[in-house]
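Here's the structure we're looking at; comments come further down.
The values are calculated or read from the model by the stated rules, or taken from the named source; none is laboratory data. Being a predicted model, the structure only gives us computed values, none of them experimental. In this analysis, Cβ positions are derived from the backbone assuming ideal geometry, glycine residues included, and neighbour counts consider all displayed protein chains.
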Ligand code: B12
Ligand code: SF4
């Protein structure tokens, strides 16, 4: 095979780092293979089929590699108005609000299904109009839902779970995929392979001039946050998380010099100033300290004046690392505290101590950190009680007292149940989910289950959230996106995940926590008043 067309399936505009790494990897090993990257998010929906057809006609690829990054549009967090509609639909006491929410919910369901249908139509277009081309597909969303999606794709499509470098190379060379995580449908049978040793990342760098030549749309990303991967894999076991399933548990590091070379090329050649470490976890443990430290030191040594962010375990930040982070340009951070109860955290196998998380925040404050911290709470996790909810409110107050209230933005980020996670397994065993359920099939009942917020605590958590969101004048979802350029969200600050901006702007998470505290305290005082009146009735007889 001599030519590869990469097609990044439409999603909210985000730098398509995965396909850039794949194309670069192939180019280093097979410089004669012609390659082209097409990012469909940058076209209005009505022009996407034509863009696929035109690119395939002009480029004549032997191999078409589809990259499917996102499917989830029902996000379980308050940056997304679908959570508010869902809560209004299930919990609002005003029937009118329920009716309005049901219409909004229907619209969102329609968008969700059309998004999936449209994404599937492009591989079908290639299969019908360019039958000689081999089709491959991979990416985060494909990996998450491979079992369901492979059944909807043209027969013969090679699906790859997780990283795709070696698999694509093998397909071009005509080698067997037996040691890769492939999935393939033959009629009604689905075949799967298991990855042997995962690739080491010691040679992964990006040749930016080459990339620029095969990705003419790169200009649309000038000024955007650029993804950089410094390692793959996460050794933790957080019950709800899919990342170790996607990337593996074994951590593989890229040499810091190569990571910073990537950054520096984008900095000097494209003028990029904002970077996002796309690692499942930037600080994966103490073993990662030397690599993280060297990356940050090199950013400083090369005098790159940039802003960076990523998923960071605050509990692993040391005073030295905090200083380096701040000096090298760390921007806003998203910290998954999840709960203020150590018992709830332990039950979710989060593998960190709250005290260490507070220490990390303290070190950042001492180092002069001036960014925002989004503090994600997954209220109503398994083992949650009224007491543990109050502990979560306290934990917010504690972090706010360390970093300053004006910097800390709690965000309600309910547990979303994802396939191939411990949480899903546990809920299947408990009968909360039924075996064989389809995670892509959204109905009012399944949404209620998948946005994990079970009884008995659900109703007053929802009440607290709705109360807070109403105060902020209801739903104003700034994420007007269809992927088309004209409707791309306006620059709203340095944070890479623009969908979370809504939660920051309104700071409604703080109100939700404080409302929850109010509700819980009044329940407690009602209970103790009831107890004491019962006691006073009982006392004379005893
Ligand atoms: C970093 C990250 C983010 C960052 C991105 C920052 C940035 N500037 O790039 C932020 C925080 C902004 C973010 C946001 C969101 N994310 Co995100 N994100 C990730 C994360 C951790 C890494 C993605 C990444 O860039 N990896 C590094 C690159 C190199 O890998 P890659 O793109 O996956 O490509 C590799 C493979 O997938 C494969 N591959 C890719 N394409 C192809 C094609 C072929 C043919 C083959 C063979 C292989 C292949 O090979 C590539 C190289 O090895 C993943 C989870 C994970 N661990 O993978 C979630 C993930 C991709 N995100 C996810 C989601 C849902 C979102 C959001 C939509 C969440 C939300 N509801 O708000 C948003 C919006 C994203 C957007 N479009 O704007 C989901 C997608 C699955 C799903 N349920 O749909 C994931 C998988 C997390 C999860 N929930 O499990 N995200
Ligand atoms: S939540 Fe973070 S630390 Fe936990 S398993 Fe997922 S990526 Fe790793």
- Six or more apart or on different chains, Cβ under 9 Å: which pairs go from a residue in region 223-244 that's in contact (Cβ under 8 Å) with a residue 24 or more places away in the chain and at positive phi to one that's more than 9 Å from ligand 1 (Cβ to nearest atom) and assigned to a strand (DSSP E or B)? Could you list them? 233/252
- Task: Identify, from the list 203, 118, the residue that is surrounded by fewer than 17 Cβ atoms within 10 Å (Cβ to Cβ), assigned to a loop (DSSP other than H, G, I, E, B) and touching a residue at least 40 places away in the same chain (Cβ under 8 Å).
- Result: 203
- Task: Return the only residue of 15, 21, 90 being closer than 30 Å to residue 336 by Cα and more than 16 Å from ligand 1 (Cβ to nearest atom).
- Result: 90
- Item | Number of positions in region 93-103 that are surrounded by fewer than 19 Cβ atoms within 10 Å (Cβ to Cβ) and touching a helix residue (DSSP H, G or I) at 6+ places or on another chain (Cβ under 8 Å) | 4
- Message: Condition (residue is modelled with pLDDT of 95 or more, out of contact with any helix residue (DSSP H, G or I) (no Cβ under 9 Å at 6 or more places or on another chain) and either over 23 Å from residue 376 (Cα atoms) or surrounded by fewer than 23 Cβ atoms within 10 Å (Cβ to Cβ) (or both)) applied to region 288-296: is it met by at least one residue?
- Response: no
- Item | Residue check, residue 138 within 16 Å of ligand 2 (Cβ to nearest atom) and either surrounded by 19 or more Cβ atoms within 10 Å (Cβ to Cβ) or within 30 Å of residue 415 (Cα to Cα) (or both) | no
- With respect to the numbered conditions (1) over 15 Å from residue 278 (Cα atoms); (2) within 11 Å of ligand 2 (Cβ to nearest atom), which one is the sole condition not fulfilled by residue 251? (1)
- From the options 350, 325, residue that is in contact with a strand residue (DSSP E or B) (Cβ under 8 Å, 6 or more places away or on another chain) and buried (at least 20 other Cβ atoms within 10 Å of the Cβ): 350
- For residue 128, state whether it is surrounded by fewer than 18 Cβ atoms within 10 Å (Cβ to Cβ), in a helix (DSSP H, G or I) and modelled with pLDDT of 95 or more. yes
- Message: Please count how many residues of region 303-312 are farther than 25 Å from residue 359 by Cα and either exposed (fewer than 15 other Cβ atoms within 10 Å of the Cβ) or within 16 Å of ligand 2 (Cβ to nearest atom) (or both).
- Response: 2
- Message: Given the options 434, 459, name the one that is modelled with pLDDT of 85 or more and not in a helix (DSSP H, G or I).
- Response: 434
- Message: Given the criteria in a helix (DSSP H, G or I), touching a residue at least 24 places away in the same chain (Cβ under 8 Å) and either closer than 25 Å to residue 52 by Cα or in contact with a strand residue (DSSP E or B) (Cβ under 9 Å, 6 or more places away or on another chain) (or both), does residue 167 qualify?
- Response: yes
- Answer yes or no: is there a residue in region 226-247 that is more than 26 Å from residue 335 (Cβ to Cβ) and more than 16 Å from ligand 2 (Cβ to nearest atom). no
- Would you be able to say whether some residue in region 206-219 is surrounded by fewer than 22 Cβ atoms within 10 Å (Cβ to Cβ), farther than 29 Å from residue 31 by Cα and either at pLDDT below 95 or within 15 Å of ligand 1 (Cβ to nearest atom) (or both)? no
- Query: Since residue 262 meets every condition but one in (1) within 12 Å of ligand 1 (Cβ to nearest atom); (2) more than 29 Å from residue 215 (Cα to Cα); (3) free of Cβ contacts under 8 Å to residues at least 60 places away in the same chain, which condition does it not meet?
  - Reply: (2)
- Message: Looking at residue 307 and the list (1) within 16 Å of ligand 1 (Cβ to nearest atom); (2) closer than 21 Å to residue 201 by Cα, which single condition is not satisfied?
- Response: (2)
- Query: Residue check: is residue 402 assigned to a helix (DSSP H, G or I), surrounded by 17 or more Cβ atoms within 10 Å (Cβ to Cβ) and touching a residue at least 60 places away in the same chain (Cβ under 8 Å)?
  - Reply: no
